[in-house]
Amino acid sequence: MPRFLGTALALLFGCALAHAQHVVFTMRTHPTCPVLIASLVQSKDFGFQAVTLLDDSPKAIDSMMLTVVLTVGSREEVVDGGRVFAMLAPGDRKSVDVFLGRIQALQQRVQELRLAEARAIIYVDSVDFSDGTRWDGREPVVGPGGDVPLRK
């Protein structure tokens with residue numbers, strides 16, 4: 001009987017832990033990014049069902065690469081992403097379905113990491129302009145007094 005009781009308690013604890021997984025969905029913007037994610041729409045299946053994009057540059061945009069990371073303590077793990085084809089003129093705002101951040105998969109990953117809560121963050125990784133140029137978010141940016149000058 002004690003073996004059965006131990007198994008039952010383990011199952012109960014496992015179920016409680018599985019239901020305790022919580023993922024917070026948010027966004028961030030690189031300081032020099034020409035596109036702002038103005039708002040997010042979540043569904044029962046996706047943490048990022050749709051995003052509202054704003055072209056904050058003087059150039060027209062053809063597409064951009066979006067990346068979703070899961071923050072785990074002080075490190076980040078890329079969990080999703082994809083290219084979004086959204087033609088935006090300077091100053092334009094547009095809502096686009098992106099279907100990123102599958103909630104069930106993220107909750108499972110949080111459970112695997114034995115965390116009660118984690119943040120899923122979406123951001124613009126790169127932008128392709130209509131004139132053939134590109135902005136890349138991996139360019140170094142250092143504030144005043146740093147070794148690398150700010151990009152103009």
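Quick notes on this one:
- Hits in region 99-115 - residues which are assigned to a helix (DSSP H, G or I) and either on the phi > 0 side of the Ramachandran plot or touching a Gly at 6+ places or on another chain (Cβ under 6 Å) (or both): ILE103
- Residue list for region 50-74, restricted to those being under 16 Å from the mean Cα position of the chain (by Cα) and closer than 18 Å to HIS30 by Cβ: VAL51, THR52, LEU53, MET64, MET65, LEU66, THR67, VAL68, VAL69, THR71
- Selection status of VAL96, at pLDDT 95 or above and either in a loop (DSSP other than H, G, I, E, B) or farther than 16 Å from ALA120 by Cβ (or both): yes
Here is a yes/no grid of residues against (1) within 16 Å of ASP128 (Cβ to Cβ); (2) surrounded by 12 or more Cβ atoms within 10 Å (Cβ to Cβ); (3) at pLDDT below 95:
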residue	(1), (2), (3)
HIS30	yes, yes, yes
PRO34	yes, yes, no
GLY47	no, yes, no
VAL51	no, yes, no
MET65	yes, yes, no
GLY73	no, no, yes
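- Test: residue in region 50-57 that is over 20 Å from ILE103 (Cα atoms) and in contact (Cβ under 8 Å) with a residue 60 or more places away in the chain: yes
The values are calculated or read from the model by the stated rules, or taken from the named source; none is laboratory data. Only a predicted model underlies this, so the values are computations on that prediction, with no experimental measurement involved. Reconstructed Cβ throughout: ideal geometry from the backbone, glycine too, with neighbour counts over all protein chains shown.
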